[in-house]
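The values are calculated or read from the model by the stated rules, or taken from the named source; none is laboratory data. Here the structure is a predicted model, which is why all the values come from computation and not from measurement. Glycine gets a Cβ as well: all are built from the backbone with ideal geometry, and neighbour counts include every protein chain shown. Note: areas computed on protein heavy atoms with side chains; ligands, DNA, RNA excluded. Shrake-Rupley method; radii C 1.70, N 1.55, O 1.52, S 1.80 Å.
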Amino acid sequence: MISGFHHFSIACSDADRSAAFYRDVFGMEPISDRDVPSGGFVERVTGVPGAHVRIVHLRGHGFNFELLEYREPRGDERAREPNHAGSAHLCFTTEDLDAEYQRLAGLGLRFRSPGPVTVVGGPNDGGKALYLEDPDGNPVEVVELAHAWPGEGGGRG
């Protein structure tokens, strides 16, 4: 029986650059960094022949996040578009998306959204959201919740 959720992971092209991005922009704390040569655990568990991977774990905001830099075999240098099967994104929350947008824009980040967009319908009706990109083009969402979701303590209520 499944007993919990451990981490979310994405592949990146440069672990140093991505770890710095998530640390500096979103306050994630790096907690481990290791190199797994080909023939090691990652090759066996993922089924990727010859996988030589650098694994960086970060922690923050109540979750664990893993960055995988495949040194061999190298993959695409840019993430897939959000509408492709297998595409994923992280979502951070804020109490004031307008102010957070100004902070993020001041950092020179690339946005997919024109700015904060009001949510219409669904469990966050009346909240706000925006998408930006990490250094590899992975979408990152930031939301201002209209109210706490069932089972969560955060958000506005």
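A single member of E72, E100, E66 is open to solvent by 50 Å² or more (accessible area, probe 1.4 Å) and of a type outside the set (S, T, Y), and it is E72.
Among the residues of the stretch 30-44, is any closer than 30 Å to L145 by Cα, out of contact with any Ser or Thr (no Cβ under 9 Å at 6 or more places or on another chain) and either not in a helix (DSSP H, G or I) or not hydroxyl-bearing (S, T, Y) (or both)? Within the stretch 30-44, one or more residues are closer than 30 Å to L145 by Cα, out of contact with any Ser or Thr (no Cβ under 9 Å at 6 or more places or on another chain) and either not in a helix (DSSP H, G or I) or not hydroxyl-bearing (S, T, Y) (or both).
Of all positions in the stretch 78-92, at least one carries a residue that is open to solvent by 60 Å² or more (accessible area, probe 1.4 Å), of a type in the set (K, R), modelled with pLDDT under 95 and in a loop (DSSP other than H, G, I, E, B). List the pairs whose first member sits in the stretch 66-95 and is among the basic types (K, R), whose second member is surrounded by 14 or more Cβ atoms within 10 Å (Cβ to Cβ), and whose Cβ atoms are under 7 Å apart, counting only residues at least 6 apart or on separate chains? Sorted first by the residue in the stretch 66-95, then by its partner, the pairs are R71/H52; R71/V53; R71/R54; R78/D136; R78/G137. Taking the stretch 103-129 only, how many residues are among the polar types (S, T, N, Q) and at pLDDT 95 or above? Residues flagged as among the polar types (S, T, N, Q) and at pLDDT 95 or above within the stretch 103-129 amount to 2.
Would you say D136 is part of a loop (DSSP other than H, G, I, E, B), open to solvent by less than 80 Å² (accessible area, probe 1.4 Å) and under 27 Å from H6 (Cβ atoms)? Yes. Evaluation of A105 against the conditions (1) open to solvent by less than 70 Å² (accessible area, probe 1.4 Å); (2) in a strand (DSSP E or B) shows that the sole unmet condition is (2). Residues that are within 19 Å of R59 (Cβ to Cβ) and either open to solvent by less than 50 Å² (accessible area, probe 1.4 Å) or part of a helix (DSSP H, G or I) (or both) within the stretch 1-16 comprise S9, I10, C12, A15, D16, listed in sequence order.
Take the residues in the stretch 37-63 that are in contact with an Asp or Glu (Cβ under 8 Å, 6 or more places away or on another chain), open to solvent by less than 40 Å² (accessible area, probe 1.4 Å) and not basic (K, R); name whichever of them is nearest to V143 (Cα to Cα). Taking the candidates together, the pick is G60.
Conditions (1) at positive phi; (2) of a type in the set (A, V, I, L, M), marked per residue:
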{"residue": "F8", "(1), (2)": "no, no"}
{"residue": "R44", "(1), (2)": "no, no"}
{"residue": "H57", "(1), (2)": "no, no"}
{"residue": "G86", "(1), (2)": "yes, no"}
{"residue": "D98", "(1), (2)": "no, no"}
{"residue": "Y101", "(1), (2)": "no, no"}
{"residue": "L104", "(1), (2)": "no, yes"}
{"residue": "G108", "(1), (2)": "yes, no"}
